[in-house]
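**Q** Quick one: the structure is below, and I'll ask about it shortly.
Any read-out appearing in this document is the output of simple, stated calculations on the displayed coordinates, not a laboratory observation. All of these numbers come straight from a predicted model, not from anything done at the bench. Using ideal geometry, Cβ is built from the backbone for each residue, glycine included, and neighbour counts are taken over all protein chains shown.
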Amino acid sequence: MLESRAVTICVSLGLVIGLGAAVVAWKETPLPKEPPKPALVTKATQPAAPAAARLPLVPESTTGPNVPASLIQPERAKLVPGGKRGPGKLIQDLGKRGSLEYGIVPELQKTAIDVLAAGEVPFGAVVAIEPSTGRILAWAQHSEEQPSLRRIPLMANPPAASVFKLVTAAALIEQAGVMPETQVCYHGGHRGLTARSLEDDPRKDKQCETFAQALGNSTNQIFGKLAIGNIDQSALEKFSNRFWFNRTIPFDLPAEVSSAQIPELSDVDALGAAGLDKDAAESGKAPSLDGLSRLDRDARLKAVLPFARTAAGFENTHLSPLHGAMIAAAIANEGVMMAPLLVERHVMPTKEVAYEARPRPLGRVMKVETAKVLADMMLTTTTEGTAGAYFRNRDAVMDGIDISGKTGSLSSPDGSGGRFSVTWWVGFSPRENPEIAIAALVINRDAWKVKATLVAREVMEAHYRSKLAPAKGRGPSAR
């Protein structure tokens, strides 16, 4: 992990400075081998910046702790040992306002902080959630470039990249009945996505994968082909909204809204010029290209390309680490998304409990059957897909445990002559009766020491180690 190497990856001047540069390249492939693990280091905790005004919760929800959002600062919490009862709790002293008790697990928190700090990541965050309750198990962040930054888990300007394929996959499964074993053949490699690579061509389509393999390998051509052939703008918008894109997340802290702007599947004028009738253009399905001239075929393919690229995660979608963890947790929770719970309890100086968090479903984002199929498909990511090299080389504490996941990566110039690289990992374990869902985000420059997949794996290993031998007296402040 400490072995630096140059990579050409990721996103706009990201996260903190705006992430506004245009995406020019895409790269997501299984890594042949894992960088060596670093000696973990601990950095001094920086004072937290004041938070903005608290966002309103959904109308049917109960209120959170009766304190200003600016006072909710898990990075200031201290470990109160639990003695024989367990590993202890992270508790923040509010003086005359009492104290806030967090559901954060100290061992997970320490691991997340240490691995981000050891990797010297320019910007990074980890959010871990208990799928069945929404309880936040880890809330960590680190920035070498802006050490005082304390809002990375809440910031929704990083591109969602291939994490958005989970939304597209849910729509394809539930709306269109596409099966995991459905096989699609393609040409042009699996990284990029151009108009002509969307065209079925038996002479060129020599590579074939199932839908499940395409999710694990993040094969863009297959997702593009399946999207334009089976769903339309309204379907993908519906599932984006179900997954809580373009909606305010009810939370103890003000979270930025993750956005998904779905383009129309086709441009009617362009398709009309290609000799296709208006009904076909507006049907939401990809009509046959048989009998069209090369010029007409190119016009048709160019018209559907923006929709295909969005469905594959290239553009038009942005995601916060908090929301990424919620998406993974919803799939793990058989399609029900729970409200995330950071503060577990607010206790007054009189020992009166002024607030105690209770699990609150936000709604069903997909059918139970859809969630189960998608969770099974996500296993390919950690066995043979883009995260396979990392999860095959894991600590013995996770032997025999099935892990469902999805990676994402995107690269672009940073606007000042360099490059930024965004890598994601979202997922959960175990596959049956999931205990933990994790979103890890790492934004690197050209030289890197750690990516999101390894960060997530280290935190997951810490989860299973903590179950075997709960840590005592090892609580860090949350970064």
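**Q** How would you rank 317-330, 114-127, 183-196, highest first, on the average number of other Cβ atoms within 10 Å across their residues?
**A** Descending packing order for the listed peptides: 317-330, 114-127, 183-196.
**Q** Of Glu75, Glu174, Glu369, how do they rank once you tally other Cβ atoms within 10 Å and put the fewest first?
**A** With the sparsest Cβ surroundings first, the list reads Glu369, Glu75, Glu174.
**Q** Also, quick follow-up: List the trypsin sites (Lys or Arg not before Pro) within segment 328-415 that fall in a DSSP loop (any state other than H, G, I, E or B) and whose Cβ has at most 12 other Cβ atoms within 10 Å.
**A** Lys351
**Q** Find the centroid of the Cα atoms in segment 384-428 and in segment 65-125, then give the distance between the two in whole Å.
**A** 25
**Q** Using only alpha carbons, build the gyration tensor for segment 60-192 and give me the equivalent ellipsoid semi-axes, biggest first, whole Å.
**A** Each semi-axis is √(5λ); the values are 37, 20, 16 Å.
**Q** Along the Cα→Cβ direction, 7 angstrom out, place labels at Glu384 and Thr248. What is the inter-label distance in nm?
**A** 4.6
**Q** I would also like to ask the following. Going by C-beta contacts inside 10 Å, put Asp298, Asp414 in order with the fewest on the left.
**A** Ordered from fewest to most neighbouring Cβ atoms within 10 Å, Asp298, Asp414 come out as Asp298, Asp414.
**Q** Using Stokes-Einstein with the Kirkwood hydrodynamic radius over Cα pairs, what translational diffusion coefficient do you get for segment 354-466 at 20 °C and a viscosity of 1.002 mPa s, in µm²/s rounded to a whole number?
**A** In µm²/s, the coefficient rounds to 136.
**Q** Based on alpha-carbon centroids, what's the gap between segment 171-236 and segment 315-380 in Å, whole number please?
**A** Their Cα centres are 29 Å away from one another.
**Q** Are any of the pairs Lys165/Lys206; Lys206/Lys367; Lys78/Lys372; Lys351/Lys467 more than 32 Å apart by Cα-Cα distance, and if so, which?
**A** Where the Cα-Cα span goes over 32 Å, the pairs concerned are Lys206/Lys367; Lys78/Lys372.
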